[in-house]
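What follows is a short report on a single structure.
The values are calculated or read from the model by the stated rules, or taken from the named source; none is laboratory data. Source: prediction; values computed, not measured. A quick note on method: Cβ atoms are made from the backbone with ideal geometry, for glycine too, and the neighbour counts reach across all protein chains shown. We work out accessible area using only protein heavy atoms, side chains counted, and drop any ligands, DNA or RNA first. Shrake-Rupley method; radii C 1.70, N 1.55, O 1.52, S 1.80 Å.
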Amino acid sequence: MSNSITIFVAGITGVFLGMGLLWLFIKITSIIVDRIDQDKVADQPEQGKAGNPTEEKKEEKK
Amino acid sequence: MHDLFAMLFTTTGFFHITPQLCIMWAIGLILIYLAIAKDYEPLLLLPIGFGIIIANLPLAGLMEPDVGLLWKFYQYGIQWEIIPPVIFLGLGALTDFGPLIANPRLIFLGAGAQGGVYITFFIAHAMGFDLREAATIGIIGGADGPTTIFLATKLAPQLLGTCAVAAYSYMALVPIIQPPIMKMMTTLDERKIRMKKSRKVKKLEKILFPLASTFVIILLVPASAPLMAMFMLGNLFRESGVVERLNHTAQNALLNIVTIFLGVPIGATMNAENFLQPRVIFIFMLGLVAFMASTMTGVLLAKIMNLFSKDKINPLLGAAGVSAVPMAARVVHKVAMEADKKNYLLMYAMGPNVAGVIGTAIAAGIFLTMLQ
């Protein structure tokens, strides 16, 4: 019986530990991916202003 | 002349028919009937039913060691641990982890539902089954056929056929077994809880998940490697988007082929000697207990999580933690819709549902580590 209790406790602990590690990984990945996305969005308008050829042409005409 | 005919008759199977064999044929025919007429897990129950019949035909010798055709399928396909992991490859290619990655906390519901596995293990052992047999019976509660077969082959091959049939039968009965338990354990208000809108999952996250899961789970429970490695490889085929041919083959042709070679030899392991015993009735009863307990522990964990969480989880989602994919998720969706017609839980329920597959593989790996 003591063996079965040990397996019972070890099993439940192991399953939750495995899932906990996966949860941690998903959270960390989502934070990193969201941060990368935010940086991209933040960079885009600046790039647009700097490198938009049509706007440059308009300015030349003026 | 008379003696010659008498001798000839003794060489036919008819001479060797016994009542036990007839009972086994009837069991095989019932499974085929359930598969065809009731659509209960037909992909597995039909070949298993046929396997039972042909393995119990006298003098056919299909399961005779080293000689029989079905014995070879069994030996090289199942005993050599090839077919269940290849099925996991196909399942991985079919699985979308998006709903799980979008709601990571739901992963714990897939763990919570494994409580039923261990509770049943404990009860089975207390009832007199040895530890290895009790583990094999307990894993039925995970509602994962290939994992049950994988574990039974290693720990209690004498229970393989019985546990596989119990697992697939109860998986087919999920829409009947789960709803009363779900309703009993939740209030109407709880069933009406609407989930917060999920965040959008990026492709990079979906590609990284199978890679990370492979490292995390196999490093934690090395014994689960055959199942987890193949499962995550199949998923990487799917999510990478660069091996469409492999992905397509894994989730269609390959999966169908191995399903044939899984069902028939499993049915063939059920001979009258092994199957017609009182303990088989206990195994089926314990299998049902395992399913019910898994549903209960999943719902209970969701309710416990709600005590500490600002964004409430619909506790019905806990029932999707058993890995009968996508049946359990559909059942959750249906029960939620009965309480509130506009409460669409299907995509949310797929999260714990696929987490349940991982959870059951981990549970099986832990049993193997401690009992093999």
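Counting pairwise Cα distances across the stretch B:80-160, what percent come out greater than 16 angstrom?
When every Cα pair of the stretch B:80-160 is considered, 60 percent fall beyond 16 Å.
Mind checking A:24-37 for the average number of partner chain beta-carbons within 10 Å of each residue's beta-carbon?
Partner Cβ neighbours, averaged per residue: 5.
Using 5 Å bins from zero, what percent of all Cα-Cα pairs in the stretch B:127-206 falls into each bin?
3, 13, 17, 12, 10, 12, 14, 11, 7, 1, 0
With a 1.4 Å probe, how much accessible area is buried between chains B and A, both sides summed, in Å² to the nearest hundred?
2800 Å²
Less than 13 Å apart at the alpha-carbon level, and either on another chain or at least 8 residues along: which aspartates and glutamates does that give for residue B:197?
Partners within reach: B:311.
Past the 21 Å Cα-Cα mark, which pairs from B:203/B:312; B:200/B:303; B:312/B:342; B:200/B:341?
Flagged as over cut-off: B:203/B:312; B:200/B:303; B:200/B:341.
For the stretch B:159-221, what does the convex hull of the Cα positions come to per residue, in cubic angstrom?
Once divided by residue count, the hull of the stretch B:159-221 is 198 Å³.
Before rounding to the nearest 500, sum -39500 (n - 2.57) across all DSSP H runs of length at least 4 in chain B and divide by the residue total; then give [θ] at 222 nm in deg cm²/dmol.
-22000 deg cm²/dmol, from helical runs alone.
If you place +1 on the Cβ of every Lys and Arg, -1 on the Cβ of every Asp and Glu, and leave all else neutral, what size is the dipole of the stretch B:212-345 about its Cα centre, to the nearest 20 Debye?
Taking the Cα centre of the stretch B:212-345 as origin, the dipole is about 360 debye.
Along the charge dipole of the stretch B:15-158, pointing to its positive end and built from +1/-1 on Cβ of Lys, Arg, Asp and Glu, which listed residue (B:102, B:37, B:126) has its Cα farthest out?
Farthest along the dipole direction, towards plus: B:102.
Give the Cα extents of the protein assembly as shown along the principal axes, in whole Å, largest first.
119, 49, 42
Size of the dipole of the stretch B:1-132 about the Cα centre, Lys and Arg at +1 and Asp and Glu at -1 on the beta carbon, nothing else charged, in debye to 20?
With Lys and Arg at +1 and Asp and Glu at -1, about 300 debye.
Calculate what fraction, in whole %, of the accessible area of the protein assembly as shown sits on carbon and sulfur atoms when a 1.4 Å probe is rolled over the protein chains.
C and S atoms contribute 67 percent here.
Wrap a convex hull around the Cα atoms of the stretch B:150-287, take a quarter of its surface area, and give that in square nanometres.
12.3 nm²
From the residues B:12, B:93, B:287, which one has its Cα farthest along the dipole of the protein assembly as shown in the positive direction, the dipole being from +1 and -1 charges on Cβ of Lys/Arg and Asp/Glu about the Cα centre?
B:93
Whole-Å semi-axes of chain B's equivalent ellipsoid, largest first, each the root of 5 times a Cα gyration tensor eigenvalue?
Over the Cα atoms of chain B, the ellipsoid semi-axes are 39, 23, 18 Å.
By average Cβ neighbour count within 10 Å, what is the ranking of B:328-340, A:32-44 from highest down?
So the peptides B:328-340, A:32-44, ranked by packing, come out B:328-340, A:32-44.
So if I place +1 on the C-beta of Lys and Arg and -1 on the C-beta of Asp and Glu, and nothing else carries charge, what would the dipole magnitude of chain B be about its Cα centre? I want it in debye, nearest 20.
1920 debye
Each label point is 7 Å from the Cα along the Cα-to-Cβ direction; what then is the distance between the points at residue B:274 and residue A:27, in nm?
4.5 nm
With unit charges on the beta carbon (Lys/Arg positive, Asp/Glu negative), name the residue among B:232, B:54, B:306 whose Cα is farthest towards the positive pole of the charge dipole of the protein assembly as shown.
Farthest along the dipole direction, towards plus: B:306.
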